[in-house]
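Presented below is the structure to which this report refers.
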């Protein structure tokens, strides 16, 4: 765990470096130091004095950015717990597995799930109080499936973002759909549809908006 230094500690460190700078400038008359070393040390010390935070940033251990998601497909009973981003890049094999579990379960068609949607789900999972597993109501939908559902319900959009891999309908065990939609709305990062009768929440990466179905 990284313990951030308080402002007072930064000020002390800055003062120490300023004193070292002064002593260095005074002692350079008697030291056998070449011009390049002098300039390098002086500039480095001056920067540390002006921006003490850069000193700590330079020596702080690199933070590991790992993004993981957990899914359960209610239609196929498949489960997936996977790290889809690590080592500074998206993991191709992990993304393929996510595409598969979020496929159109009616037709079996697979489409690339857009990364911003995955990152939105990751941000959402970070707001949940407990470990979060997304129960999938609907992930990718083929145009044919979307047309079928549209004929059954007026709530299905003709140009649904599900067909672009940019939307998902979810539940989260242990979290009511009412609470889930509020957490989603607080993110202000896309479209949120709340369907209390069917007990699920729609999330997409379109413009920020909200509706109740």
*asked:* For the list (1) in contact with a strand residue (DSSP E or B) (Cβ under 9 Å, 6 or more places away or on another chain); (2) modelled with pLDDT of 95 or more; (3) surrounded by 14 or more Cβ atoms within 10 Å (Cβ to Cβ); (4) closer than 22 Å to residue 200 by Cα, I need the number of the one condition that residue 99 fails.
replied: (1)
*asked:* Would you confirm, using the coordinates I've provided, whether residue 201 is touching a helix residue (DSSP H, G or I) at 6+ places or on another chain (Cβ under 6 Å) and part of a strand (DSSP E or B)?
replied: yes
_Can you tell me which condition residue 162 does not meet? The list is (1) outside any loop (DSSP other than H, G, I, E, B); (2) more than 26 Å from residue 84 (Cα to Cα), and all the others hold._
(2)
*For residue 104, state whether it is surrounded by 15 or more Cβ atoms within 10 Å (Cβ to Cβ), at pLDDT 95 or above and either within 24 Å of the chain's Cα centre (by Cα) or over 22 Å from residue 160 (Cα atoms) (or both).*
no
*Members of the stretch 167-177 that are touching a strand residue (DSSP E or B) at 6+ places or on another chain (Cβ under 9 Å) and surrounded by 12 or more Cβ atoms within 10 Å (Cβ to Cβ)*: 167, 168, 169, 170, 171, 172, 177
*Given (1) crowded, with 17+ Cβ neighbours inside 10 Å; (2) more than 19 Å from the chain's Cα centre (by Cα), index of the condition residue 120 fails*: (2)
*Looking at the stretch 139-154, is at least one residue assigned by TED's automatic domain parsing to the domain that holds residue 81, within 25 Å of residue 103 (Cβ to Cβ) and under 23 Å from the mean Cα position of the chain (by Cα)?*
yes
*asked:* Can you pull out every residue in the stretch 71-94 that is closer than 16 Å to residue 116 by Cα and touching a residue at least 12 places away in the same chain (Cβ under 8 Å)?
replied: 83, 84, 85, 86, 88, 90, 94
_Anything in the stretch 87-96 that is out of contact with any helix residue (DSSP H, G or I) (no Cβ under 9 Å at 6 or more places or on another chain) and surrounded by fewer than 16 Cβ atoms within 10 Å (Cβ to Cβ)? List them, or say none._
87, 88, 89, 92, 93, 96
*Taking only the stretch 129-157 into account, find how many residues are at pLDDT below 85, over 20 Å from residue 82 (Cβ atoms) and exposed (fewer than 13 other Cβ atoms within 10 Å of the Cβ).*
3
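The values are calculated or read from the model by the stated rules, or taken from the named source; none is laboratory data. Note that this is a predicted model, so its numbers are computed, not measured. Backbone-built Cβ (ideal geometry, glycine too); neighbour counts: all protein chains shown.
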